[in-house]
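Beneath this line is the structure, given in structure tokens, with notes to follow.
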Amino acid sequence: MYTNNKLAKSIRLALMFGGASLALSGTAAAQDQSGDEAEVEAQERITVTGSRIKRTDYESASPVQITSSEEIKNSGFTRIEDLMNSLPQVEAAQTSFIANGASGVATLDLRGIGTNRTLVLMNGRRLQSGGIYSQAADVNQIPAALVERVEVLTGGGSATYGADAVAGVVNFVMKDDFEGLEVNVGASGYQHSNGNDYMQGLMDARNFGYPTGGSGIDGKSYNVDVTMGSSFADGKGHATAYATWRQINELRQESRDYSSCALNAAGTACGGSSTAPLPNTFFAPIVDGEYDLDQEVWWSLNQDGSFSPYDGSNVYNYAPVNHFMRPDTRYTMGAFVNYEVNDSFRPYMEISYMHDRTIAQIAESGTFYAFRQDIDINSALFSDAQRAQFRSQFGPDVETIGAYIGKRNVEGGPRMNNLEHSAFRMVFGAEGYLNSNWSYDASFQYGSTSSNTAYINDFYVKYVQDALANAEYDVFTPGGVTRESADALGGVAIMTWYHVTAYLERLRYW
């Protein structure tokens, strides 16, 4: 197309340098062409940018992956991060399927270089920081039903956008000219037939429980998306508004046979943590105030209250309680408004709000051999039979036992991180032609993100030490730890974060 004319050559040159310029616009006058060459109408606008290539049928120095709204619809994905992670150049980052280390946001990671090196734009303008654990943009605030297309610039982004685009740029182009009213209601879920003979054999060997047969439909998700739009002022203006709701139900690893045990590093056996419900403990006598490492033993507590050397069998299978998919509730709403006063002045506005709440659950806390507790041999924590074992092992004159305890807090329940985010974004700007050859685009953006986390059911070491010193944490008696005594040892960690981004996009001329 336009193989030999001057406009085609100009476009090729523009595309070659498009990765190094933030935006380039031009106007081409109609030219008389002979033969089969097509005519280009006067005042046709050609826009080439690093992330918003309007025409995809030209060659580009930096490859751009385009995903259209039809492809998004046909994929069946209702979460933007799931759609993006299906692309080969995107590596899964923060998603709904992360529990341990979850930040509560959904982020994108091009080429695995890092989320802070992947720039995320909406309509060519940056999204604000995501939340308390991640400065990367949270794509939860992007309504999937309004995405016109997704453009992924996989190289050359840092020359245009700086260090936060080293990995590339992802630009979500939204439908700002929607007409009418559309309501989308969706539901999805997962189903699995638990018949993995290999994994079930490994769990049988360790007497671990696991599900069998069909799982039914679990991990259900529901969404409602409402979009409305209309022109006004005799077609000079247009407004599009949206509101969405999404609910994701939790899915735990215990619901699948292949994930119901913690595999060893080689994947050949079901392992687990030696920090077990019945503790495994390193014991040694305290001699002249020092822990006698030469006499150290590693003993397991048995159901009858006796100790025996740790042989690797007393482990805790921590896998089942972990989240495969976190429960999550999200609301979004927003609007896009544009108005054409004349060719020289076309103001526009974007406004959006998102609120998201999720809970990340992982296995129970524990003492994890984190500290040494010196215990008088006559402490109420030890039974007479246990004292006899210590004296037999360390000598009749032993007075104080040093202990590094590995006890899992199954009585207190799993650790949970309650994560909540709110994001608000406004963009005000105007664009237009200065003359037949030059155009401009100037905008002001304000974005704020507030997030907080409440981490519960984690042991507070000082409380555990005090309880052991006062013989209030009956850790060496099978069944001796109650829910109430375990709850008294936990702490709640609360953190709140608020971030505001406001900047004026420089006036750009093309």
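The values are calculated or read from the model by the stated rules, or taken from the named source; none is laboratory data. Here the structure is a predicted model, which means the values were calculated and not measured. For neighbour counting, all protein chains shown are included, and Cβ atoms are generated from backbone atoms with ideal geometry for every residue, glycine included.
Looking at Ala319, Ala335, which one is part of a loop (DSSP other than H, G, I, E, B) and of a type outside the set (S, T, N, Q)?
After ruling out the rest, the residue left standing is Ala319.
Per-residue answers, yes or no, for (1) loosely packed, with under 12 Cβ neighbours inside 10 Å; (2) outside the structural domain of Phe371 (by TED's automatic domain parsing):
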residue	(1), (2)
Asn171	no, yes
Gly201	yes, yes
Asn207	yes, yes
Gly235	yes, yes
Ser255	no, yes
Leu278	no, no
For the subset of segment 438-448 comprising residues that are more than 25 Å from His355 (Cα to Cα) and surrounded by fewer than 19 Cβ atoms within 10 Å (Cβ to Cβ), which member is farthest from the chain's Cα centre (by Cα)? Trp438
Name every residue in segment 178-199 that is of a type outside the set (Val, Ile, Thr), in contact with a Ser or Thr (Cβ under 9 Å, 6 or more places away or on another chain) and surrounded by fewer than 14 Cβ atoms within 10 Å (Cβ to Cβ), in order of residue number. Glu179, Gly180, Leu181, Ala187, Gln191, Ser193, Gly195
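One line per residue, one yes/no per condition, for (1) among the basic types (Lys, Arg); (2) in contact (Cβ under 8 Å) with a residue 12 or more places away in the chain; (3) touching a strand residue (DSSP E or B) at 6+ places or on another chain (Cβ under 8 Å); (4) surrounded by fewer than 19 Cβ atoms within 10 Å (Cβ to Cβ):
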{"position": "Asp397", "(1), (2), (3), (4)": "no, no, no, yes"}
{"position": "Tyr404", "(1), (2), (3), (4)": "no, yes, yes, no"}
{"position": "Lys407", "(1), (2), (3), (4)": "yes, yes, yes, no"}
{"position": "Pro414", "(1), (2), (3), (4)": "no, yes, yes, no"}
{"position": "Asn417", "(1), (2), (3), (4)": "no, yes, yes, no"}
{"position": "Arg425", "(1), (2), (3), (4)": "yes, yes, yes, no"}
{"position": "Gly432", "(1), (2), (3), (4)": "no, yes, yes, yes"}
{"position": "Ser436", "(1), (2), (3), (4)": "no, yes, yes, yes"}
Considering only segment 129-161, how many residues are over 22 Å from His355 (Cα atoms) and in contact (Cβ under 8 Å) with a residue 40 or more places away in the chain? 13
I need the strands (runs of 3 or more DSSP E) fully contained in segment 95-166, keeping only those with at least 2 residues that are at pLDDT 90 or above and surrounded by fewer than 20 Cβ atoms within 10 Å (Cβ to Cβ). 147-153
Output yes when any residue across segment 98-109 is of a type outside the set (Ser, Thr, Tyr) and touching a Leu at 6+ places or on another chain (Cβ under 8 Å), and no when none is. yes
